[in-house]
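All remarks here apply to the structure that follows.
Values in this text are rule-based calculations from the coordinates and carry no lab data. The shown structure was predicted, so the numbers you read here are calculated from the model rather than taken from an experiment. Positions of Cβ are backbone-derived with ideal geometry, glycine not excepted, and every protein chain shown enters the neighbour counts.
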Protein chains: 4
Amino acid sequence: MSRAPDTWILTADCPSLLGTVDAVTRYLYEQQCYVTEHHSFDDRLSARFFIRVEFRQPEAFDEQAFRAGLAARGEAFGMTFELTAPRHRPKVVIMVSKADHCLNDLLYRQRIGQLAMDVVAVISNHPDLEPLAHWHRIPYYHFALDPQDKPAQERKVLQVIETSGAELVILARYMQVLSPELCQRLDGWAINIHHSLLPGFKGAKPYHQAYNKGVKLVGATAHYINNDLDEGPIIAQGVEAVDHSHYPEDLIARGRDIECLTLARAVGYHIERRVFLNANRTVVL
Amino acid sequence: MSRAPDTWILTADCPSLLGTVDAVTRYLYEQQCYVTEHHSFDDRLSARFFIRVEFRQPEAFDEQAFRAGLAARGEAFGMTFELTAPRHRPKVVIMVSKADHCLNDLLYRQRIGQLAMDVVAVISNHPDLEPLAHWHRIPYYHFALDPQDKPAQERKVLQVIETSGAELVILARYMQVLSPELCQRLDGWAINIHHSLLPGFKGAKPYHQAYNKGVKLVGATAHYINNDLDEGPIIAQGVEAVDHSHYPEDLIARGRDIECLTLARAVGYHIERRVFLNANRTVVL
Amino acid sequence: MSRAPDTWILTADCPSLLGTVDAVTRYLYEQQCYVTEHHSFDDRLSARFFIRVEFRQPEAFDEQAFRAGLAARGEAFGMTFELTAPRHRPKVVIMVSKADHCLNDLLYRQRIGQLAMDVVAVISNHPDLEPLAHWHRIPYYHFALDPQDKPAQERKVLQVIETSGAELVILARYMQVLSPELCQRLDGWAINIHHSLLPGFKGAKPYHQAYNKGVKLVGATAHYINNDLDEGPIIAQGVEAVDHSHYPEDLIARGRDIECLTLARAVGYHIERRVFLNANRTVVL
Amino acid sequence: MSRAPDTWILTADCPSLLGTVDAVTRYLYEQQCYVTEHHSFDDRLSARFFIRVEFRQPEAFDEQAFRAGLAARGEAFGMTFELTAPRHRPKVVIMVSKADHCLNDLLYRQRIGQLAMDVVAVISNHPDLEPLAHWHRIPYYHFALDPQDKPAQERKVLQVIETSGAELVILARYMQVLSPELCQRLDGWAINIHHSLLPGFKGAKPYHQAYNKGVKLVGATAHYINNDLDEGPIIAQGVEAVDHSHYPEDLIARGRDIECLTLARAVGYHIERRVFLNANRTVVL
């Protein structure tokens, strides 16, 4: 589970073909790389192969040469791969509104080293969470929404994201519907937390919907953004038991913990390169 | 939790008013009834009061007089109540199709005394589960569906239910849509198990729907029948984690346990008189 | 669940006797108090009765007279009771060492109003968590341990607790064994979080013990302090699945969330007056 | 998850060395075997490597030659392996006393195909469960315990096991302490279900112990037999929430479901060759 400090991550995927595993593992052996964990999965319905390997490099290791050699091997399989260096910490931008529980939780996990990421900016349409960001010494961008000109606000958001060098955007209860253009731009590298067990209770006020329906479980869903609201590929889901004595405000309070845990789990999977897109579904190795 | 053999159950509900609890508890005390468990809940949104009490009777106890006295006390509050005798075992009819996991589970729990009920009939549109019913010495009624005349089959079903003296009907994966007339007839005393976390994945093949959506949790919902398919008041829900490696047939297999557990829990609540209807929601005390 | 702002809490317990429920509920009715939630439990093995009621006062309400009247009623039953005013927020002292996850979590829940308490002091044998306490504007007392004179440190600790007016002490991973004298002093009003599912893995380094045993579940136990280490009455327990790939440091990381959640739940129960001591067990209504 | 009908399972383990993965995967590729799932784990504390692969054979496949070739490859690594044919169903002996919930559950799962095993005998020290075994057309051996001569009974037990050709023995609440000799004989291929979260509440009457301790969670542990009572390597654990209202008999009732589920999960892992022994711990791939 815990990666040793000298461990690389290699992930790859390609169509299902005889020899895909061997192409990767033989190459690693030839390069004198020591495999510490290996998980591969061949999806027989979509006929697609996914692999994730953690390995220790030999003393002499030329990353560029390694990449070139692997690309050559994978070419026959149509394989695409990603290689993540031992101490790599992705830059992350977090977007919030007024609710701070997910932000507080993510920053805490960064601070104690549980999430190996560098949050480089917090962006919000409200000024409320600036003190929290500043206590963690993270720049805070307050871009108020102008209902007459939402695109203007999104341009500012996008500019911060792009100049920050972020590899991941986290919508930690941002509460605004993004334009199709921004969704398109963030497709596959932005994670949203929705406070229901999708596909139940899409859209606004899911806890009020859940109360009216009289459910006995509430939950949260962390998913990648795509251009269809609340419909992107699901990474993680969590659930909590409730009963008749929980009014809507109780469901909201009850849901906070499971939102935090579910979002943090999904972010962790993403950072550890465990998540693969497989059409509208995910493979988590 | 476990009722002592000499314990009565009293349940009642009425509009929220000052004195509702006292009306019940004072009467019980005056009748020398010993309260072993008491739970009441006042729903401030629907302004309705619900109470469930377990009590031991005094040596001399006249049930009819007790009922009459309580009815008189409750009249001012518009209170309706139910009184369940210590060793009462409700008669139950179970309806099934071909899948036997829920039936097997319910009959097992009856046999070992965990569900204090008497299953008096199993009804199916298929002959497959007759041996299982017969091993438990329970009459099995096979009423095949005639697509040209579904009402004829339902009339036979209803006749068995009505002549059996059943207080509860359990749809243990019956898999047929009931007519509005039969739904109407069973409203509030028939429990269905749906193999998804309602309101997600209503209707047919919920596990296939869940696979296509790529969810990370599957679940089951036990609810009372009403005349809107898969929309009756929810009694219990259960959930199970799944991942990308679960094909639809794996979700089906994985779901069996949680369907059994969720249905058995709901039936137990019903038999122990823990469930109250509160518009389209339930209160479970 | 969520108490309305004008709701009192009444809790009481006494030996099992006919009329205990009525003694409380009749009195509430006579005082024109409106009961919104009522839960009582009669433990047939210890022959003891426990009751918790939430109620709204009438417009004119004299607390002293109410108390006096209730005491008179309860006398025949040997009943002791506690009455908690609608907006009462207990003062709380939190003790920590170096690990900050539980402290961070408790202060966050206080800040957003989920735990209705006022943390008036944080005490530690290390200086590390002072910035966190100060960001929440809470006094921080660093009393280093002198191995030659542990009683001296405990005297300082106790002085802060006593002068603070605290109604509750929380050991949020304090990591020091308290002396029998201090345990005695805190008996019944100090909550400790132990990072295992007691009674498994008592004492030091429970996650390392769990790793060596090869368990597939780790957990946490929140319990009242008594004078036997890790043996006080249990209030809440939580659990998390683990597997062979979790080294001891992973179990520690994995356990943080469940420690926070379990401790917060126990503290919430305590503050809402849901916990009763019943010999070495608790009743949580 | 669900194995296709033509899928072999290959499992192997050996000391940690460079090239272990490659030794297996290259061989599979050379033999034109198509890998559908692959999971390997290198335990850095015990310096031991574990691998489990599911693969489809090529049209022409000579099992003996395949085994010989793999043995030759693995020799340099000190690798031991097991190969399981696509439709292999291990023979299983189940041992019981009077409680039938685990037996009922296991036989049900066999009947519907969820556990791909053939139960060839049920052995008990009581006659009670004979009808259940016979309904499933399984021979039932009633060997009463003679307190004066326990070894005599164990000899009969062992004889049935040995003549049955069983690959797995399941102690489905057998409730007798086995002699060291029998434990020795069953070491590593007999699974026991203990009705507590080991290492808590070893030995007799764990639910009564749990009640006295006042725990808020009860659980079950499935583990391999070794010669130290309740101390064999853990395969699976499950847990269920309880509260003060559960008397010992309620804990027993409550525990039944989790015992069944935990035992069935462990048996499934064993049958699918997912469990490896790693000193006193297990690796479950």
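Near the amide H of A:H126, within less than 5 Å, lie the amide hydrogens of A:F143, all on another chain or at least 5 residues away, with H placed in the peptide plane.
Label point of D:I112 (7 Å along Cα→beta-carbon): distances to the other copies' equivalent points are 1.6, 3.9, 4.1 nm, sorted ascending. Take each residue in D:239-247, count the other chain C-beta atoms within 10 Å of its C-beta, and the mean is 6.
The distance between label points at C:A144 and B:Q148 comes to 9.7 nm (points 7 Å beyond Cα on the Cα→Cβ vector). In chain C, the longest principal axis of the Cα atoms and the axis of helix C:63-75 are about 90 degrees apart.
Could you list C:L251, C:L18 in order of exposure, starting from the residue whose Cβ has the fewest other Cβ atoms within 10 Å?
With the fewest neighbours first, C:L251, C:L18 line up as C:L18, C:L251.
Counting Cβ atoms of other protein chains within 10 Å of each residue's Cβ and taking the mean over peptide C:113-119 gives 1. Each 5 Å bin from zero up to the one holding the largest Cα-Cα distance in chain C carries the following percent of pairs: 1, 5, 11, 14, 16, 15, 13, 10, 7, 4, 2, 1, 0.
Relative to the longest principal Cα axis of chain C, at what angle does helix C:150-164 sit, 0 to 90 degrees, rounded to 10? Value to nearest ten degrees: 40.
Rounded to the nearest 5, what % of DSSP beta bridges with both residues in the range C:91-284 are antiparallel? Expressed as a percentage, antiparallel bridges in the range C:91-284 total about 50. Relative contact order of the range A:7-84, taken over Cα pairs closer than 8 Å and 6 or more residues apart, is 47 percent.
Evaluating 6.51 cos²θ - 1.76 cosθ + 1.60 at θ = phi - 60° for every residue in the range B:37-54, the Karplus couplings come out as 8, 9, 9, 10, 8, 10, 7, 6, 7, 9, 6, 9, 10, 9, 9, 9, 10, 9 Hz, glycine and proline recorded as x. Take B:234-241, D:278-285, B:198-205 and order them by the average number of nearby Cβ atoms within 10 Å per residue, most first; the result is B:234-241, D:278-285, B:198-205. When chain C is turned onto chain A, its residue with the beta carbon nearest the axis, and that distance in whole angstrom, is C:W135, 3. Over the residues of chain A, the helix contribution to mean residue ellipticity at 222 nm works out to -10500 deg cm²/dmol, using -39500 (n - 2.57) for each DSSP H run of at least 4.
Using θ = phi - 60° in the Karplus curve 6.51 cos²θ - 1.76 cosθ + 1.60, the 3J(HN,Hα) couplings for the range C:198-214 round to 4, x, x, 6, 5, x, 7, 6, x, 5, 5, 4, 5, 4, 4, 7, x Hz; x is entered for Gly and Pro. Note on the range C:98-197: dipole from Cβ charges, positive end direction compared against C:L158, C:I138, C:L178; the farthest Cα belongs to C:I138. Taking 0.36 nm per residue of sequence separation and removing the Cα-Cα distance, the D:T163/D:H126 pair yields an extension gain of 11.2 nm. Placing +1 on the Cβ of every Lys and Arg and -1 on the Cβ of every Asp and Glu, with nothing else charged, gives the protein assembly as shown a dipole about its Cα centre of roughly 0 debye.
Mean partner shielding of peptide A:29-40, defined as the number of other chain Cβ atoms within 10 Å of each residue Cβ, is 6.
Computed from the Cβ-Cβ distance with R0 of 56 Å, the FRET efficiency linking A:A71 to B:W189 stands at 0.25.
Output needed for the range A:1-113: three equivalent-ellipsoid semi-axes, defined as square roots of 5 times the C-alpha gyration tensor eigenvalues, in descending order, whole Å.
31, 20, 12
Pairs of lysines in chain B whose Cα atoms sit within less than 29 Å of one another amount to 16, provided the residues are eight or more positions apart or on different chains.
Label sites at D:D6 and B:H134, each approximated as a point 7 angstrom past Cα along Cα to Cβ, lie 4.1 nm apart. Placing unit charges on the Cβ atoms only, positive for Lys and Arg and negative for Asp and Glu, gives the range B:7-84 a dipole magnitude near 160 debye about its Cα centre.
Placing unit charges on the Cβ atoms only, positive for Lys and Arg and negative for Asp and Glu, gives chain D a dipole magnitude near 260 debye about its Cα centre. Between this copy and the others, label points of D:E162 are 6.7, 7.3, 7.9 nm apart in ascending order, each placed 7 angstrom from Cα in the Cβ direction. Inter-part distance, the range A:156-226 to the range C:116-192, computed on C-alpha centroids, equals 41 Å. Using the Cβ-Cβ distance between D:D118 and B:K156 with R0 set to 41 Å, the FRET efficiency from 1/(1 + (r/R0)^6) comes to roughly 0.55. On the beta carbon distance between A:N280 and C:N280, with R0 = 35 Å, the FRET formula returns roughly 0.05. In the assembly of identical copies, B:A72 has its label point, taken 7 Å from Cα in the direction of the beta carbon, separated from the corresponding points by 3.0, 9.9, 10.1 nm (ascending, one decimal). When both bridge partners sit in the protein assembly as shown, DSSP labels roughly 70% of those beta bridges antiparallel. Within the shell defined by Cβ-Cβ distances under 12 Å, the residues around A:L217 carry a net charge of 0, with Lys and Arg each +1 and Asp and Glu each -1.
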